[in-house]
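K.L.:
I'd like to ask some things about the structure below.
The values are calculated or read from the model by the stated rules, or taken from the named source; none is laboratory data. Here the structure is a predicted model, which is why all the values come from computation and not from measurement. For neighbour counting, all protein chains shown are included, and Cβ atoms are generated from backbone atoms with ideal geometry for every residue, glycine included.
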Amino acid sequence: MRAYAVQRFCEPLEILDRADPTPKGTEVVIEVTRCGVCHSDLHIHEGYYDLGGGKKLSLADRGVQPPVVMGHEVLGRLVAKGPDAPIADSEIGKTFVVFPWLGCGECDICKRGDDNLCPKPNAIGVHRAGGYAEKCVVPHPKFLVDATGVDPTLAATFACSGLTAYSAVKKVDADRDKDTILVIGAGGVGQSAINILRMLGHRNIAVADIDPAKRDNALKAGASLAVDPRDADALAKVMAMPGGVAGALDFVGAPATANFGIAALRRTGTYVVVGLFGGDITVSLPLVILRTIVIRGSYVGNLAELKELIGFLREGRIPALPVEEIAMAEVNTALTRLREGKVKGRLVLTR
């Protein structure tokens, strides 16, 4: 089979020819037909996360060593199963979304269903070969989510973009009629968050983004207010929204966006940082106490949440966000466009 791999960090992906995988034990093999191109792939391609203050978190030091076959938003047909895989032969040929955020499978965190939070991550497309390939090995069929009857291109993005937005939204306690949720960054994940908030019945959604086109798209998607956070009156406009800002969802994760989101919160509000742009901030500890705010991170989501999302999609409850298909052979072009900010919505590789 053919795969596209990071052979050296920061250099273009190269083609690898590998033997077709033969599943062992509980493993199953997915023939990849769609694979989303995620912003996280840029960090993996670069080989580090920016921690701020000149510090970097090396992925090589965390067990991510080239060659790396990226791609964690995988959708495709089940084509083979190992001798111990608990899945019926009749499922062969069906289309599934793959839950990629695997852990060790043995600790209490994994056993409670939060594999994505395992201290020994084993994620598909990061620590093990992903969907930038013709076939992908999944260690157990429990990580397959039936995608029958849904748009396959959109469904592929739900394994990370949609799931990340959904899990972040669920971490905020807000009255859907009276309170305001602030979405910072209206790219692909931010757009997913707006759609999910609307689906869940949130009436007051504010959006902050420096791109006027993304602000316009946010308003068309149902946001009540869209501001450029660089404007002098942007913060005041957001804070004047009904009920105050009960939750700020930061899908950028940069110092400027963090400071804006935390400043916008009402008392008892929650700031959720999702994006991995990088950097650091200084927070006044007395004000955290006096304002009674919560600052927390949100890392993708769990398998149960992905199943809920695909269910919503099947029921037609989630509006489609802009998704562009691009041939898998053009993966380097896709990564370049994403890095340069030349993508509206999401890019999905197809075969």
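K.L.:
Output the number of the condition that ASP233 fails; it satisfies all remaining conditions of (1) in contact with a helix residue (DSSP H, G or I) (Cβ under 7 Å, 6 or more places away or on another chain); (2) more than 30 Å from ALA304 (Cα to Cα); (3) free of Cβ contacts under 8 Å to residues at least 40 places away in the same chain.
P.N.:
So ASP233 meets the others, but not (1).
K.L.:
Need a quick list: strands (runs of 3 or more DSSP E) entirely within the range 44-84 having at least 2 residues that are within 22 Å of the chain's Cα centre (by Cα) and crowded, with 18+ Cβ neighbours inside 10 Å.
P.N.:
Filter on the range 44-84 gives 48-52, 73-81.
K.L.:
Can you tell me which residue within the range 104-138, out of those that are surrounded by fewer than 16 Cβ atoms within 10 Å (Cβ to Cβ) and among the acidic types (Asp, Glu), is nearest to ILE30 (Cα to Cα)?
P.N.:
GLU106
K.L.:
May I pose another question? So, in the range 321-337, exactly how many residues are of a type in the set (A, V, I, L, M, F, W, C), surrounded by 14 or more Cβ atoms within 10 Å (Cβ to Cβ) and out of contact with any Phe, Trp or Tyr (no Cβ under 9 Å at 6 or more places or on another chain)?
P.N.:
Here the count works out to 5.
K.L.:
Considering ILE15, ILE87, which residue is in a loop (DSSP other than H, G, I, E, B) and either in the same structural domain as HIS127 (by TED's automatic domain parsing) or at pLDDT 95 or above (or both)?
P.N.:
ILE87
K.L.:
Here is a further query. Enumerate the helices (runs of 4 or more DSSP H) found wholly within the range 162-246, keeping only those where 3 or more residues are basic (Lys, Arg). If you could, list the steps in order and put the result at the bottom.
P.N.:
Details: elements: 163-170, 188-199, 212-221, 234-239.
Per the criteria, 212-221.
K.L.:
Scanning for something at pLDDT 95 or above and over 23 Å from LEU42 (Cβ atoms), does the range 247-254 turn up at least one residue?
P.N.:
Checked against the condition, which is being at pLDDT 95 or above and over 23 Å from LEU42 (Cβ atoms), the range 247-254 yields at least one hit.
K.L.:
Please specify each residue of the range 167-187 satisfying the condition of being surrounded by fewer than 24 Cβ atoms within 10 Å (Cβ to Cβ) and either among the hydroxyl-bearing types (Ser, Thr, Tyr) or under 8 Å from the mean Cα position of the chain (by Cα) (or both).
P.N.:
Passing the criteria: only SER167.
K.L.:
Hey, another quick one. Residue pairs, Cβ under 9 Å, 6 or more apart or interchain, first in the range 91-108 and assigned by TED's automatic domain parsing to the domain that holds VAL74, second assigned to a loop (DSSP other than H, G, I, E, B) and charged (D, E, K, R). List them.
P.N.:
GLY103/ASP114; GLY103/LYS120; CYS104/LYS120; GLU106/LYS120; CYS107/LYS120
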